[in-house]
Amino acid sequence: MGKMDFVIIGAGVNGLAAAQQLLLRGASVTVLERGDVGQEASWAGGGILSPLCPWDYPDEVTSLAFRGMAQFGELTDALYAATGIDPEYEVKGMLILPPVDVSEAVQWCSYRGVNIRRVMTRDELPGWRGECLLMPEVAQVRNPRFLRAMRQRVVQLGGKIVEQCEVREFVTQGEQVQSLTTSVGEFRADSYVLTAGAWSQPLLGRYALAAELKPIRGQMLLYKFDAPPLHHIVLQDGLYLISRRDGHLLVGSTLEDVGFDKSTTEQARASLLHRAQSLLPALADRLLIQHWAGLRPGSPGNVPVIGRHPELANLWLNTGHFRYGVTMSPASTEILINEIIGAEQPIDITPYRPSR
């Protein structure tokens, strides 16, 4: 393959988003993926387009997440129109059940202009009664469909995607990446973008970042109802329930520091089901359809790394989004592209710089 303008390493949501934006600007782009496109953390998550309890996170996380959230409706409409694949973007709202510091949550949201109100739980939660918080503007997206639409859009725009392509070495000279050695041959470009999620640090090798980026496993369960059993996303103390339009129900998720181990465990399955069933007793009559795990790109404080590599002038990074890679993707890609082309940034990006 001839030399490209850009080679992107990693075909999750942020790799595909970067490819689209570069292609729209007339660049030639090849995306390399060690497995199948969009089948790692981007696929495995639930698609809640919000930090779970935003008042629990630093401003660096919430400012990026809320900027991404604000762009998602327009983004998914455009993808649907261009590809015919419906990402199932829906503003469902999120019910947050106790334990939660209500005064802190209301004060945080009021100060930032985020809609939140106290409500009594709806009839769809027969296993729980009482006051909770509702964030009515929280949306969700169906990750697998969103990623299929993203992939198709990259191909429509002329991008090349190479799957089952494991990057083995950055071949460098001075402060430049000259080429990539991979399992299917050599790739050369003027510039390179690393969006490899949990695999970013091992790929960088001796150029690994000072920030501690590591895989954090999350396990999920999937059930099926005849109709959507919940009107809202439901969150309680880290457990969430997400209804899809066709009656599928997702239950998640765990946070496990176990390295690059994507296996599922009986302990996690039992714990997730027990907690979910206490809120939605009808789960007792449902068969488990699927149980899977994904590896999130864990980072200190959930703060991603975005920008030029501190040692390699033609290598750009957009990684370490931890739990919110999909939510942040429009905004983190916006920052990445602005850095590449030298445009003014919409927010202070100092917290995200690789040299932080």
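For the chain, a Gaussian network of Cα nodes joined below 10 Å ranks Met69, Met120, Met135 by mean-square fluctuation, and the top entry is Met120.
The Cα-based radius of gyration and maximum Cα-Cα distance (Dmax) for the stretch 100-165 are 20.1, 53 Å. Adding -39500 (n - 2.57) for every DSSP H run of four residues or longer, then dividing by how many residues the chain holds, sets the calculated 222 nm ellipticity at -9000 deg cm²/dmol. In a DSSP loop and with at most 12 other Cβ atoms within 10 Å, the trypsin sites (Lys or Arg not before Pro) in the stretch 61-156 are Arg129. Rounded if a/c is under 1.5, else prolate if a/b beats b/c, else oblate: with a ≥ b ≥ c from the C-alpha gyration tensor eigenvalues square-rooted, which is the stretch 260-356? Prolate shape, in that a/c is at least 1.5 and a/b is the bigger ratio.
Across the chain the C-alpha pair distances fall into 10 Å bins from zero in the proportions 5, 25, 34, 23, 10, 2, 0 percent.
Heavy-atom accessible surface of the stretch 284-356, averaged per residue, reaches 37 Å², computed with a 1.4 Å probe.
What area, in nm² and to one decimal, does the C-alpha convex hull of the stretch 1-120 cast on average over all directions?
On the way: hull surface 40.8 nm².
Spelled out: convex hull of the Cα atoms, projected over all directions, averaged, 10.2 nm².
Let me know the shape class of the stretch 192-336, please: from the alpha-carbon gyration tensor, a ≥ b ≥ c as square roots of the eigenvalues, rounded when a/c is under 1.5, otherwise prolate if a/b is greater than b/c, or oblate. Here the stretch 192-336 falls in the prolate category.
Of the beta bridges in the chain, as assigned by DSSP with both residues counted there, near 70 percent are antiparallel. Once the Cα atoms are used to define both axes, helix 325-341 deviates from the longest principal axis of the chain by about 30 degrees.
Let's test the formula: R0 of 35 Å, r as the Cβ-Cβ distance of Ala70 and Glu311. What FRET efficiency results, to the nearest 0.05?
Values: r = 34 Å, r/R0 = 0.97.
Given R0 = 35 Å and the Cβ-Cβ separation, E is 0.55.
Binning the C-alpha pair distances of the stretch 185-266 at 10 Å intervals from 0 yields a P(r) profile of 14, 30, 25, 20, 11, 0 %, listed from the shortest bin outward.
Excluding same-chain neighbours fewer than eight residues apart, the lysines reachable from Lys160 by a Cα-Cα span under 22 Å are Lys3.
When a/c reaches 1.5 or more, the comparison of a/b and b/c decides; with that in mind, is the stretch 21-70 rounded, prolate or oblate per its Cα gyration tensor? Numbers along the way, then the final one.
Numbers: a/c = 3.15, a/b = 1.58, b/c = 1.99.
In terms of gyration-tensor shape, oblate.
What is the stretch 42-118's relative contact order, in percent, from Cα pairs under 8 angstrom and six or more apart in sequence?
Details: 26 pairs, mean separation 16.9, N = 77.
Relative contact order of the stretch 42-118: 22 percent.
Between the helical axis of 266-279 and the longest alpha-carbon principal axis of the chain there is an angle of about 50 degrees. For Lys214, a cut-off of 26 angstrom between C-alpha atoms picks up these lysines, skipping any fewer than 8 places away in its own chain: Lys262.
Over the stretch 209-248, the hull volume per residue, using the convex hull of the C-alpha atoms, is 113 Å³. Between the helical axis of 143-156 and the longest alpha-carbon principal axis of the chain there is an angle of about 30 degrees.
When 1/r is averaged over all different Cα pairs and the result inverted, which Kirkwood radius in Å belongs to the stretch 86-206? It would help to have the intermediate numbers written out before the result.
Working: mean 1/r = 0.0518 Å⁻¹.
In the stretch 86-206 this quantity evaluates to 19.3 Å.
Taking all C-alpha pairs of the stretch 302-356, those more than 19 Å from each other amount to 19 percent.
For Lys92, the aspartates and glutamates whose Cα falls under 15 Å of its own Cα, not counting residues fewer than eight places away in the same chain, are Glu124, Glu137, Asp246.
The values are calculated or read from the model by the stated rules, or taken from the named source; none is laboratory data. None of these values were measured; they are calculated from a predicted model. A quick note on method: Cβ atoms are made from the backbone with ideal geometry, for glycine too, and the neighbour counts reach across all protein chains shown. Calculation scope for accessible area: heavy atoms of the full protein, side chains included, ligands and nucleic acids excluded. Shrake-Rupley method; radii C 1.70, N 1.55, O 1.52, S 1.80 Å.
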